[in-house]
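Heads up, the thing below is written out as structure tokens.
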Amino acid sequence: MKDIYRHLSRCLRTKVRAKGKIKEIALQLHAIDKGFKLGFLWDVGCLAMDEVRQLLDTLKEANLVRHTLVVVQLGPESGGDFGVCDIHRFAGQQSRSVVIDVSAALPTPTLADQSVVAIFDELTARMQTQLSIAGGQESLQKSTRTVRWQLDETVCRTTVYGLFIGYPVVYWYDTKTTQENCLSQVPLVVFQAGLRPQGQESFTPFISFSVPAKLLNQPAVKIALRWWEEFTNETNLQRVTFSKVFTNVIM
């Protein structure tokens, strides 16, 4: 990770002034490269999608990250949301995230209806197919590839973000009526994971998601969290869990 940070510091010194932002980018790219998380939603550093592609090119040339890292455009807007993932890891994932419905009309969060789950299963499968095709053409590419995840305008982006990052539990809400949700004042259990600190370093998580406390005993949720805990144990990541109640939850 330190080699990636030093490389990014040289490449980004005129674009990203804050060292903390560069360290965050380095940590996230290291996590993707090592398979600690599925995807990284690029929301730091004020870099455009083409600039990130060029940055990945330089990292690949220096053999600091895998050549299978790609940029993923989330939706039709070329200047909109995008992220980075590994072609093979995303395309080869077998597990499916548990979807929790937090629509504003509900009194409390609940497991999403199967019809909602089916929509996102199909979206994920479609993206996996696109990445599998891209992976097959990888040897023909001289620069970092951009793959577009086809998304309808009405799809809940919060759910897509969680699926892209690879959270075991993701939130969904009905965007046709409102952008609000029912998580206000709901006791949540927050799960975080990151590299084990060395020396005087502080713990900096690169994975952080929450689950409503009342749903922790749901069988599907228990299975998803058990898988995630086993994964963090196998990869020697440090895990932190704590409870939190938010006055207002913005997605």
ask   = Hey, does the stretch 96-107 have a residue that's under 30 Å from H67 (Cα atoms) and in contact with a His (Cβ under 9 Å, 6 or more places away or on another chain)?
value = no
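Evaluate the following for T177: is it modelled with pLDDT under 95, β-branched (V, I, T), within 30 Å of I119 (Cα to Cα) and open to solvent by 90 Å² or more (accessible area, probe 1.4 Å)?
Judged against the criteria, T177 is a match.
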request  = Would you tally the residues in the stretch 84-125 being open to solvent by less than 60 Å² (accessible area, probe 1.4 Å), part of a helix (DSSP H, G or I) and among the charged types (D, E, K, R)?
outcome  = 1
message = When you scan the stretch 131-143, do you find a residue that is open to solvent by 60 Å² or more (accessible area, probe 1.4 Å) and in contact (Cβ under 8 Å) with a residue 12 or more places away in the chain, even just one?
response = yes
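The values are calculated or read from the model by the stated rules, or taken from the named source; none is laboratory data. Only a predicted model underlies this, so the values are computations on that prediction, with no experimental measurement involved. Cβ atoms come from the backbone with ideal geometry, glycine included; neighbour counts cover every protein chain shown. These accessible areas exclude ligands, DNA and RNA; they are computed on the full protein's heavy atoms, side chains included. Shrake-Rupley method; radii C 1.70, N 1.55, O 1.52, S 1.80 Å.
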